[in-house]
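Down below is the structure, laid out as structure tokens.
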Amino acid sequence: MKEWAANDARERTLGAQKEWADGAGKLSEPVLELERLTVDAVRGQARQPLVRDLSLAIRPGEMLALVGESGSGKSVTAGAVLGLLPSSLRIGEGRIRFRGEEISAWPDKRKRRLRGKEIALVFQDYQGSFTPFMKVGKQLVEAVRSHVRITYGEAKELALHWLNEVDLPAERVFGSYPFQLSGGQRQRAALAAAMLLQPKLLIADEPTTALDVLTGERVLDLMTKLRRQTGCAILFISHDLRLVLKRADTVAVMQGGRIVECGRADTIRRQAAHPYTRLLLESRPLLLRDPGTGRAAETG
């Protein structure tokens, strides 16, 4: 019965994503594919699965949101993609393909070259995005030149361009220390840093959790703008279903390490199928039931 349920969830996941691709007219090959991925916590000979039999695909320009409560496995999934799992966690089974190439068995050195250049990350903790006592501009320039052989002047020009793209006063921020910027400015600077080399995939792990609502909305607006400009795919990780339903093309709901429901955001908003998804919808105070239809409806 469990195997049938897992296969059914996997088929619905891939079917929903094909529906998104067909509807958007984007039939290009996926940027990222996870096929029956399992990640285990290992202690001695004992193994405890944290992510189980997870399959999904993200295409260029698509935002796919992984949403679920703390401990559901969404950040562990991101860590597996990035090659940043702690030593106590290991990929047990499954495949991770980036642009058609299996990467899960790559050596660390090769994964490091991939991170920052073709796969970028925006952290939840904007305070940890920059070294505190080094100017933002110097950090951006060093990040670029660690991946691409260009001059300091060319790297600076690129950094200023992306600081402008995220609506920051570029010259001032370039010459500032991180502690001289507000939280929202630091997170936008982190987004600029992530986009410096126009990655094919951006992983945003709870990027607005530490920000106030208005600042968080501004950061998300910028992410939407940048993916439309560049065609970058986004894996958006959040505990907030209401938030991702407003932003994502496709939503995958995780519970207990598995995807229990996946579909287009507008479909899940109107008619969530899984009890856990409905519970997440009902847990939001600004999502109330329409007395006429019995479905969840936004009030704000």
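The values are calculated or read from the model by the stated rules, or taken from the named source; none is laboratory data. As the structure is a prediction and not an experimental result, all values here were calculated from the model. So basically every Cβ, Gly included, is an ideal-geometry build from the backbone, and we count neighbours across all protein chains shown.
In this structure, does Val81 turn out to be in a helix (DSSP H, G or I), out of contact with any strand residue (DSSP E or B) (no Cβ under 9 Å at 6 or more places or on another chain) and crowded, with 17+ Cβ neighbours inside 10 Å?
no
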Got a number for residues in the range 25-49 being among the aliphatic types (A, V, I, L, M) and either free of Cβ contacts under 8 Å to residues at least 12 places away in the same chain or surrounded by fewer than 19 Cβ atoms within 10 Å (Cβ to Cβ) (or both)? 4
Please state which one of Ala159, Ala120, Ala190 is assigned to a helix (DSSP H, G or I), among the aliphatic types (A, V, I, L, M), in contact with a strand residue (DSSP E or B) (Cβ under 6 Å, 6 or more places away or on another chain) and within 30 Å of Arg247 (Cα to Cα). Ala190
Specify which of the listed residues (Arg113, Arg52, Arg90, Arg95) is in contact (Cβ under 8 Å) with a residue 24 or more places away in the chain, in the same structural domain as Leu226 (by TED's automatic domain parsing), farther than 26 Å from His239 by Cβ and assigned to a strand (DSSP E or B). Arg95
I'm told Met134 meets every condition in (1) more than 27 Å from Lys109 (Cα to Cα); (2) not in a helix (DSSP H, G or I) except one. Can you identify the failing condition by its number? (1)
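What do you reckon, is Arg149 in contact with a Pro (Cβ under 8 Å, 6 or more places away or on another chain) and among the charged types (D, E, K, R)?
Values: in contact with a Pro (Cβ under 8 Å, 6 or more places away or on another chain): no; among the charged types (D, E, K, R): yes.
Spelling it out, it is not the case that Arg149 is in contact with a Pro (Cβ under 8 Å, 6 or more places away or on another chain) and among the charged types (D, E, K, R).
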